[in-house]
Amino acid sequence: MKYQSIASLRARSALLAGSLLIGLSLSSWAQSNVTTFATGLNNPRGLKFGPDGDLYVAEGGTGGLNPTNTCDQVMPPVGPYTANVSGARISKINPAGLRSTVIDNLPSSQTTPEAGSGVSGVADVAFIGDTLYALLGGAGCSHGVPNIPNGIIRVNANGTYDMVANLSNYYMTHPVQNPSTTDFEPDGVPYSLLAYKGDLYAIEPNHGELDRITPNGQITRVIDTSAIFGTVYVPTVMTERNGSFLVGNLGSFIAGGANVLRVTTSGAQKILYSGFTDILGIAYDKKGRIYVLETSTGDMGPVPFTGDVIQIDKQGQQTVIASGLFFPTGMTIGADGALYVSNVGFGPPPNGLGEILKVTIP
């Protein structure tokens, strides 16, 4: 099977993780600059610091067993999906590393057992002012959640939410130029969310697109990477720098086949740095250095304990500053200048093995 999407990566990673995580302690690290900041998470993904100083973490959740046969399904072996409409949540972690729940009972779905039962749910979070928004990536009828679409939700202070934008519907009514023919996801698997100048931006890897969403739910496409790179580019994550976006991608699971692009809000694209593998996180610091999170550095497929963080200095030199990570899936930078990484972001039950690592920059 050719693995070239987030869904395929999630499924393959979970399959490989199954025999390795049982009874394994991930709480200690040989590297002095890597420490465990928080534990007890269920497939943690994107994360951002809120205006209150706490770290907010999107969780893929626990998956589920409820099938659906009322719509187009994701083709085997990744699909058909099963789901739990209340299996995912958003957590926040205080400066002491203590976790609490911001909102739960959000949809979580999983691939077939043959594909590792890889889980998706809440993919990422972002703030506009004091308002928390979240990106649902495990919902939609093709994921076993017929009554809740993939989309952007606004989280209310009382633990409820409002659907701001129905991304499932947008993906279906505004197809990209060259959709995948081998592992197409009708509802998409949106993965990265960013707030910039009062709007939200979301990356969908399976179709290959970056979309702008206003707070009142209007959606417009910024780029269609499938029109330029075909289905092998697979954009995954982004951050904003100096008025444009830094975007990382998976490539086609070939070591060294991923890039960092600069994308403007008008859709212009330029490759800045190359030679990466399976990018699932990107950030930069006050000194202008860029940090790239590779979930795996294996060739032709994900390999556990090969995730790392690479620093790119202003001259373009690349240096590994953390390694040996277990399928890390998200990264952000804190006010303290340290990087915070979602680790064990892909993996099968038992749940609760996900963690946040703190990487101090040398």
### Query
Percent relative contact order of the range 39-84, based on C-alpha pairs within less than 8 angstrom and at least six residues apart?
30 percent
### Task
Return the whole-Å distance between the Cα centroid of the range 219-293 and the Cα centroid of the range 320-348.
18 Å
### Packing-based exposure ordering (other Cβ within 10 Å, fewest first) of Thr160, Thr35
Thr160, Thr35
### Task
Starting from one equal scatterer on each C-alpha and no solvent at all, send me the Debye-based log10 I(q)/I(0) for the range 26-138 at q = 0.12, 0.13, 0.23 Å⁻¹, two decimals.
-0.49, -0.56, -1.16
### Message
Using only alpha-carbon positions, what ratio does the radius of gyration of the chain give when scaled by 2.2 N^0.38 Å?
### Response
0.87
### Query
Going by average Cβ neighbours within 10 Å, how do the peptides 112-118, 270-276 rank, with the highest at the top?
112-118, 270-276
### Average Cα contact separation per residue, the chain, under 8 Å, 6 or more apart, as relative contact order %
17 percent
### Query
In nanometres, what is the gap between the two model label sites at Thr70 and Asp199, each 7 Å from Cα along Cα-to-Cβ?
3.4 nm
### Distance in nm between pseudo-label sites at Asn178 and Arg212 (7 Å out along the Cβ direction from Cα)
2.5 nm
### Query
For the range 259-362, which semi-axes, largest first and in whole Å, follow from the square roots of 5 times the eigenvalues of its Cα gyration tensor?
23, 17, 13
### Task
Please give the contour-minus-distance gain from Ser32 to Thr319: 0.36 nm per residue of separation, less the Cα-Cα distance, rounded to one decimal in nm.
101.7 nm
### Relative contact order of the range 174-325, pairs being alpha-carbon contacts under 8 Å that are 6 or more residues apart, as %
13 percent
### Message
Below 13 angstrom from the Cβ of Ser323, what's the summed charge of the other residues (Lys, Arg +1; Asp, Glu -1)?
### Response
-2
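Only the coordinates and a few stated rules stand behind these numbers; no lab work does. Here the structure is a predicted model, which means the values were calculated and not measured. All Cβ positions, glycine included, derive from the backbone under ideal geometry; neighbour counts span all protein chains shown.
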